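Take a look at the structure set out below.
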Amino acid sequence: DAGITQSPRHKVTETGTPVTLRCHQTENHRYMYWYRQDPGHGLRLIHYSYGVKDTDKGEVSDGYSVSRSKTEDFLLTLESATSSQTSVYFCAISDMGGSSGANVLTFGAGSRLTVL
Amino acid sequence: QKEVEQNSGPLSVPEGAIASLNCTYSDRGSQSFFWYRQYSGKSPELIMFIYSNGDKEDGRFTAQLNKASQYVSLLIRDSQPSDSATYLCAVNLYFGNQFYFGTGTSLTVIP
């Protein structure tokens, strides 16, 4: 998965507990993204980052926060998990027009989260 | 109105046939267009991208873009059972940071 590692890959938790998903990249790409994927909704952007400490909201950011203290790490936190946050979460990176000549997204393997 | 619309399918084609997948988008500011393939339980992987009107070919895959009509399509020639997957269309606005995805079209290639 092109130097992108997500952890944990699977997690089961209870409603109301905090959860942190980690995305680690070795590509030195500037842009990092968190998406969630649900049946019937496709991939929806939660938050993205355009540099260390620079983040912005996506279309489904409520209930999520992110942090990026190093280029290679992008953390997604659910402060108090709810059942509606049961989903598959994908981290993605892009090189914003680098060697490919286009702003191409590359995805990590995904993290499956179940909130009971 | 969704940014990106795809027919969810399922689409079934016999092995060796041409599979045609279509996608429409709403924002005329869309600049780059992507096709991803996603096998069940796996992450999306890029097949190809296109940003100029016309056709772009890569092996058995051809992407077609028509900005005036706001649609992009993917043709898969000589379809193989290994092509059975969900195909996601995505657009990038103004060569910027955000990508919008369709819900995907499920393709089954029947041996």
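Using only protein heavy atoms and a 1.4 angstrom probe, determine the accessible area buried between A and B, summed over both sides, in Å² to the nearest 100.
Values: alone 6020 and 5960 Å², together 10320 Å².
The buried area between A and B, both sides summed, comes to about 1700 Å².
For B:LYS56, list the lysines whose Cα falls under 23 Å from its own Cα; do not include residues on the same chain fewer than 8 positions away.
B:LYS67
How large is Rg over Rh for chain B, taking Rg from the Cα atoms and Rh as the Kirkwood inverse mean of 1/r across Cα pairs? Before the final figure, lay out each step's value.
On the way: Rg = 13.3 Å, Rh = 13.9 Å.
That ratio is 0.95, to two decimals.
Per residue Cα convex hull volume for chain A, in cubic angstrom? All intermediate terms of the calculation are to be shown ahead of the outcome.
Details: hull volume 10.8 nm³, N = 116.
Dividing the Cα hull volume of chain A by its residue count gives 93 Å³.
Pick from B:ALA90, B:ALA17, B:ALA68 the residue whose mean-square fluctuation is largest in a GNM of chain B, springs joining Cα atoms under 10 Å.
Answer for the Gaussian network model of chain B: B:ALA68.
In what sequence, highest mean first, do B:51-61, A:39-49, B:37-47 appear when ranked by Cβ atoms within 10 angstrom? Walk me through the numbers before you get to the answer.
Details: B:51-61: 12.7, A:39-49: 18.8, B:37-47: 16.5.
The packing order, highest mean first, is A:39-49, B:37-47, B:51-61.
Could you work out, residue by residue across A:41-48, how many beta carbons of other chains sit within 10 Å of that residue's beta carbon, and then give the average as an integer? Walk me through the numbers on the way to the answer.
Values: counts 3, 13, 12, 2, 5, 0, 0, 3.
For peptide A:41-48, the averaged partner shielding equals 5.
Would you mind getting the accessible area per residue of the protein assembly as shown, heavy atoms of the protein chains only, 1.4 Å probe, in Å²?
Result: 45 Å² of accessible area for each residue.
Can you find, among A:LEU75, A:VAL60, A:GLY42, the residue sitting farthest towards the positive end of the charge dipole of chain A, where Lys and Arg contribute +1 and Asp and Glu -1 at Cβ?
Of the candidates, A:LEU75 comes out farthest on the positive side.
Using the Cα gyration tensor of region B:17-62, with a ≥ b ≥ c the square roots of its eigenvalues, what is the shape: rounded (a/c below 1.5), prolate (a/b larger than b/c) or oblate (neither)?
Details: a/c = 1.84, a/b = 1.29, b/c = 1.43.
Verdict is oblate for region B:17-62.
Using the Cα centre as the reference, give the magnitude of the dipole from point charges on the C-beta atoms of chain A (Lys, Arg: +1; Asp, Glu: -1; all else neutral), rounded to the nearest 20 debye.
Values: 11 positive and 12 negative charges, 28 e Å.
The calculation lands at about 140 debye.
Could you tell me the relative contact order of chain A? Use alpha-carbon pairs under 8 Å, at least six residues apart, and round to a whole percent. Mind showing how you got there, number by number?
Working: 303 pairs, mean separation 40.7, N = 116.
Contact order relative to length: 35 percent.
Round to a whole angstrom and tell me the spacing of the C-alpha centers of region B:81-111 and region B:6-69.
What the calculation gives is 6 Å, centre to centre.
For chain B, give the magnitude of the charge dipole about the Cα centre (Cβ charges: +1 Lys/Arg, -1 Asp/Glu; no others), in debye to the nearest 20. Could the numbers behind the result be given before it?
Numbers: 8 positive and 10 negative charges, 32 e Å.
Here the size comes out at about 160 debye.
Roughly speaking, to the nearest percent, how much of region B:1-72's 1.4 Å accessible area is carbon and sulfur?
On the way: 1640 of 3800 Å².
Carbon and sulfur together cover 43 percent of it.
Accessible area drop of at least 40 Å² (1.4 Å probe, protein heavy atoms): which residues of region B:31-73 qualify, relative to the chain alone?
B:TYR36, B:SER43, B:PRO44, B:PHE49
If R₀ is 30 angstrom, what is the calculated FRET efficiency for the pair A:GLU14 and A:HIS41, using the beta carbon separation as r and rounding to 0.05? Display every interim value, and only then the final one.
Values: r = 24 Å, r/R0 = 0.79.
According to the calculation, E is roughly 0.80.
The values are calculated or read from the model by the stated rules, or taken from the named source; none is laboratory data. Everything numeric in this text was worked out from a predicted model, so none of it was measured. In this analysis, Cβ positions are derived from the backbone assuming ideal geometry, glycine residues included, and neighbour counts consider all displayed protein chains. Quick note on the areas: whole protein, heavy atoms, side chains included, nothing else; ligands and nucleic acids left out. Shrake-Rupley method; radii C 1.70, N 1.55, O 1.52, S 1.80 Å.
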